[in-house]
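Readers should treat all values here as calculations from the given coordinates under stated rules, not as data from a laboratory. Because the structure is a prediction, the values reported are computed rather than measured. Virtual Cβ from ideal backbone geometry, glycine too; neighbours counted across all protein chains shown.
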Ligand SMILES: [Zn+2]
């Protein structure tokens, strides 16, 4: 089986988000294997109208009716983009609920219907086609659109969205607490708390982007372990919980107990052999294997061995910064001498919008960005990229490319970025990267990060646990990189008789 990457919860102008549907699907194709663009559809227990809620109620109602009017056309367009083997799409819409928490309904079938009922579960159960209900931004306050664990039903919700642009809901101490205007992360409504209550589910992430850029870097993506890149195969994997969440970087994870992959339930009275294999996208900070939500094995980045003098290296070229109101276009290429490029990963971002704000104009082309890998061979990679100034010092808007190079310390890499030329050996790049500015002041810039040697981004091992702690033990894995990107790998449930 192989890993495929997607985003199955994000918004654009088909409801109250921004940007065209086709632009969104085209952007998704650039860096994802599968995606769904979600329409905001209904809110059965919407707050009462008063001068304070007028704006909120109006933009929701307007968005819902826009979706309803165009529902068949939207589904046709989504269906048209599905090409098994190349790019897979799913249908979806979103149900807000104060009482039950927000859910999105996802389906492989175009018969998905907007049935206006009282709860996300009823909406799901009324469908005549295959569909699942995925709870999202679960960490909000119970009753205030966070998850309601009492009503959570894993038979219709095999996966839970644990990270998005709203933040991370894994636990009280997880990176990325909630700071959107919907309020704080409530520690009762975390993933750990759901698992402690005996709920069974796998983890996913999606962006919940509102400016039509599915997969926008840093806002959440999901990995799916499937036989092939087809709609049926990916759908089957999601239903079996063969999924995990990443914040942005495509951290490749294998995680098994007695050979069974994440999302499995196994039965044994004997040893549990826990196997893991991580290929990160940056320096590994920590890998933690949890047993019943307590660390069972911790691997610290500090303990990883010195840089390999030959083999593989990852080079991250990050572009953006500046102080301009408009966007900035990058034209870039890189070539390699005495080595070869074995992989290219994109970390492209769309514009950062999470919900409508009074005064922002509707613009269908807000998500038609000049961002694309245009050439990819073993010796040369070319890309164009459109970036925006950072929203604050804690809210980057940069985009990046990660080149994986095979060679040795004498392998030479050349970068040409908007006419600036840089040539460096891997030996130099392992000591330092470098940043380059385009103008004398408040300038757009690019940063070639220090090279990451394979010895510091690849870890694989196995450990034996000989002891059952309860009759249903939960093993899961979390991977952290030094750039604050993480992977949350779904549990394996081990039952003893
Ligand atoms: Zn949403």
Hey, among 88, 123, which residue is crowded, with 16+ Cβ neighbours inside 10 Å, away from the ligand (no atom under 16 Å from the Cβ) and not in a loop (DSSP other than H, G, I, E, B)? 88
Which residues, counting only those in the stretch 201-224, are in contact with a strand residue (DSSP E or B) (Cβ under 6 Å, 6 or more places away or on another chain) and away from the ligand (no atom under 14 Å from the Cβ)? 201, 202, 203, 215, 217, 221, 222, 223, 224
The stretch 141-153, subset part of a loop (DSSP other than H, G, I, E, B) and within 16 Å of the ligand (Cβ to nearest atom), residue farthest from the chain's Cα centre (by Cα): 144
Restricting attention to the stretch 18-41, which residues are out of contact with any helix residue (DSSP H, G or I) (no Cβ under 6 Å at 6 or more places or on another chain) and within 14 Å of the ligand (Cβ to nearest atom)? 18, 24, 36, 38
Go through (1) in a strand (DSSP E or B); (2) under 22 Å from residue 218 (Cβ atoms); (3) within 16 Å of the ligand (Cβ to nearest atom) and name the single condition residue 133 misses. (2)
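Kindly evaluate residue 98 against the criterion of being free of Cβ contacts under 8 Å to residues at least 60 places away in the same chain, within 16 Å of the ligand (Cβ to nearest atom) and either assigned to a loop (DSSP other than H, G, I, E, B) or over 27 Å from the mean Cα position of the chain (by Cα) (or both). Can you show your working first?
Values: free of Cβ contacts under 8 Å to residues at least 60 places away in the same chain: yes; within 16 Å of the ligand (Cβ to nearest atom): yes; either assigned to a loop (DSSP other than H, G, I, E, B) or over 27 Å from the mean Cα position of the chain (by Cα) (or both): yes.
Here the answer is yes, as residue 98 does meet what is asked.
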Heads up, the strands (runs of 3 or more DSSP E) in the stretch 388-497 (entirely inside) with at least 1 residues that are surrounded by 21 or more Cβ atoms within 10 Å (Cβ to Cβ) are 399-408, 412-417, 444-448, 472-481, 486-495
Counting only residues in the stretch 101-120 that are closer than 18 Å to residue 12 by Cα and assigned to a loop (DSSP other than H, G, I, E, B), the one farthest from the ligand (Cβ to nearest atom) is identified as 114
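Could we say that residue 182 is within 16 Å of the ligand (Cβ to nearest atom) and in a loop (DSSP other than H, G, I, E, B) here? Walk me through how you get there before you give the answer.
On the way: within 16 Å of the ligand (Cβ to nearest atom): yes; in a loop (DSSP other than H, G, I, E, B): yes.
Judged against the criteria, residue 182 is a match.
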Hey, does the stretch 47-62 have a residue that's within 16 Å of the ligand (Cβ to nearest atom), under 30 Å from residue 223 (Cβ atoms) and out of contact with any helix residue (DSSP H, G or I) (no Cβ under 6 Å at 6 or more places or on another chain)? no
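For the subset of the stretch 1-17 comprising residues that are under 16 Å from the mean Cα position of the chain (by Cα) and within 16 Å of the ligand (Cβ to nearest atom), which member is farthest from residue 95 (Cα to Cα)? Reasoning before the result, please.
To start, the set of residues in the stretch 1-17 that are under 16 Å from the mean Cα position of the chain (by Cα) comprises 3-11.
Remaining after also requiring within 16 Å of the ligand (Cβ to nearest atom): 6-11.
On the way: 6: 21, 7: 18, 8: 14, 9: 12, 10: 13, 11: 13 Å.
So, considering only residues that are under 16 Å from the mean Cα position of the chain (by Cα) and within 16 Å of the ligand (Cβ to nearest atom), the one farthest from residue 95 (Cα to Cα) is 6.
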Which of the residues that make up the stretch 183-197 are without any contact (Cβ under 8 Å) to a residue 60 or more places away in the chain and surrounded by fewer than 18 Cβ atoms within 10 Å (Cβ to Cβ)? 183, 184, 187, 188, 197
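Which one of these is within 16 Å of the ligand (Cβ to nearest atom) and assigned to a loop (DSSP other than H, G, I, E, B): 138, 156?
Details: 156 fails: within 16 Å of the ligand (Cβ to nearest atom).
From the options 138, 156, the qualifying one is 138.
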Scanning the stretch 267-285 for residues that are out of contact with any helix residue (DSSP H, G or I) (no Cβ under 6 Å at 6 or more places or on another chain) and buried (at least 17 other Cβ atoms within 10 Å of the Cβ) gives 272, 274, 276, 278, 279, 280, 281, 282
With respect to the numbered conditions (1) under 25 Å from residue 218 (Cβ atoms); (2) free of Cβ contacts under 8 Å to residues at least 12 places away in the same chain, which one is the sole condition not fulfilled by residue 419? (1)
